[in-house]
1. Divide by every residue of the chain the summed helix terms, -39500 (n - 2.57) for each DSSP H run of at least 4, and state the resulting mean residue ellipticity at 222 nm, rounded to the nearest 500 deg cm²/dmol.
2. Collect residues whose amide H, placed 1.01 Å from N in the peptide plane, falls under 5 Å from the amide H of Leu7; neighbours closer than 5 in sequence don't count.
3. Pairs of alpha-carbon atoms within less than 8 angstrom and 6+ residues apart define the contacts here; what relative contact order does segment 76-172 have, in percent?
4. With a 10 Å cut-off between alpha carbons and a GNM built on the chain, which of Pro109, Pro27, Pro88 moves the most?
5. Between the helical axis of 80-92 and the dominant principal axis of the chain, each derived from Cα atoms, what acute angle in degrees is found, rounded to the nearest 10?
6. Just to be sure I understand: with springs between alpha-carbon atoms less than 10 Å apart, which residue in Thr153, Thr24, Thr72 has the highest mean-square fluctuation in the Gaussian network model of the chain?
7. Note down, for segment 61-121, the three equivalent ellipsoid semi-axes (square root of 5 times each alpha carbon gyration tensor eigenvalue), biggest first, whole angstrom.
8. Pick from His20, His54, His86: which is most flexible by mean-square fluctuation in a GNM of the chain where alpha carbon atoms under 10 Å apart are linked?
Amino acid sequence: MPRLPDLDPAALTLEQQRVHDNITSGPRGGVRGPFAALLHHPGACDHVQAMGIHLRFDGVLPGHLRELAILTAARFWGAEYEWNAHAPIAEKEGLSQGVINAIAENRPPDFSSDAESAVHAFCRELHEIHHVGDETYEAAIAAIGQDGVIELTVLCGYYTIISMTLRVFDCK
């Protein structure tokens, strides 16, 4: 059972309405999942959703690597809403169904590229031990470059915020 009540669109504050309109008129097209919870705090919601739009739609990482990072975070946090939202996107972006299935089942994936392997290792280390070792860092730099590693680090943090929001507020 969700911990926050659904907001009545007719009873939103002016700031909530502004943020609601920003989200619904953007690429997401609607306020759902973590954003339905975050809209209770419109200032935080606005900044979180803006960061997400940048990472998903304007980032430097290729789509399949971005979605690999998102699925890795979603599985780590047990964020089923996020998993269910992004698994189909990952496949459309070119991540193999075998990799998606392996991550879903917490098995080591059989990656088709060094970049996929490097991204997954980086994300797992960062989530699981809260640090990235030199070998993993260097492999990520070689695979996706400095800007890619910076963005990958931010993606891990962003989807941690999203996953924590989903888990704390029981978003469905």
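Here, each number is a calculation from the coordinates, and none is a lab measurement. All values reported here derive from a predicted model rather than from experimental measurement. As a convention, Cβ positions derive from the backbone with ideal geometry for all residues, glycine included, and neighbour counts pool all protein chains shown.
1. Values: 8 runs with 119 residues, N = 172.
So the helix-based figure for the chain works out to -22500 deg cm²/dmol.
2. Sorted by chain and number, the residues that satisfy this come to none at all.
3. Numbers: 59 pairs, mean separation 32.8, N = 97.
Once normalised by length, the contact order is 34 percent.
4. With Cα springs under 10 Å in the chain, the top fluctuation among Pro109, Pro27, Pro88 is at Pro27.
5. Once rounded, the angle reads 60 degrees.
6. The residue that fluctuates most here is Thr24.
7. The three semi-axes for segment 61-121 are 16, 13, 10 Å.
8. Among His20, His54, His86, the largest GNM mean-square fluctuation belongs to His54.
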